[in-house]
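Shown next, in structure tokens, is the structure this report addresses.
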Amino acid sequence: MKKYFLITLCFFFYSAGYAQVTDAYYLVDYSNAVICGMDTEAFSVIETDWDKDNPEISGNILQDMLKKTGDIIPFKKDSKNKVIVIVRIITDNGRFNCDVALYDANNNVLCKAENIQCSKGGTWGTKLHLMKEGAHKEGRKLGSALKKAYKNYMSTINPKPIQQ
């Protein structure tokens, strides 16, 4: 019995080293985005509801992203770490192209994934509605890519022992 307890305890401490959780504040950056061939400012002049719908679009990205990353990089409002989604392109049909990176408190990049794009935006509706639908799909893609990048980063910090 003691033997099994000791083995379980060792396994717990061994796996705890791999299960490090880094909380982070998540945000979406549109500062260099090209939306339907225009910069954000020009697009907001043509699509007058952009400023009203932008929080929902960002929320859709982050909501679905956190479904993938929340177990290893949970959201924490006052965290010193941050996950930044940099929106590069949004097309007329709501397809996104984004980069995502996890930064530590000193603004060092811990891990990143670049050029992540959903293959299809929305199905029907206005440009903004298509973007809202595409944002969900992009969030899932970004979450998977960031989770993979984070696991790769963690494996370099805590390399698995060589098995003989």
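Per 0.36 nm of contour for each residue apart, how much would the distance between TRP124 and ASN32 grow if the chain were fully extended, relative to their Cα-Cα spacing?
30.5 nm
Find out how many positive minus negative residues lie around ARG140, taking Lys and Arg as positive, Asp and Glu as negative, among other residues whose Cβ is under 10 Å from that of ARG140.
Net of charged neighbours comes to +2.
Taking θ = phi - 60°, what integer Hz values does the Karplus form 6.51 cos²θ - 1.76 cosθ + 1.60 yield along the range 145-150, in sequence order, with x for Gly and Pro?
Values, residue by residue: 5, 5, 4, 5, 5, 5 Hz.
Once you have all Cα-Cα distances for the range 32-164, histogram them in 5 Å bins from zero and send the whole-percent values.
In order of increasing distance, the bins hold 2, 11, 18, 22, 16, 13, 9, 4, 2, 1, 1, 0, 0 percent.
Leaving out ligands and nucleic acids, and using a 1.4 Å probe, what accessible area per residue does the range 11-156 come to in Å²? If you can, show how the numbers build up before the last one.
Working: 7780 Å² over 146 residues.
So the range 11-156 comes to 53 Å² accessible per residue, rounded to a whole number.
Of all the accessible heavy-atom surface of the range 18-164, with the other protein chains kept in place and a 1.4 Å probe, what percent is carbon and sulfur?
On the range 18-164, the fraction of accessible area on carbon and sulfur atoms equals 50 percent.
Along the charge dipole of the range 34-164, Cβ charges K/R +1 and D/E -1, which of ASN60, ILE116, PRO74 sits furthest on the positive end?
PRO74
Sticking with the crude label model, points 7 Å out along Cα→Cβ, report the distance from TYR25 to ARG88 in nm, one decimal please.
Simple spin-label model gives 2.6 nm for this pair.
The values are calculated or read from the model by the stated rules, or taken from the named source; none is laboratory data. Computed from a prediction, not measured in an experiment: that's the story for all the values here. Every residue, glycine among them, receives a Cβ derived from its backbone with ideal geometry; neighbour counts consider all protein chains shown. Calculation scope for accessible area: heavy atoms of the full protein, side chains included, ligands and nucleic acids excluded. Shrake-Rupley method; radii C 1.70, N 1.55, O 1.52, S 1.80 Å.
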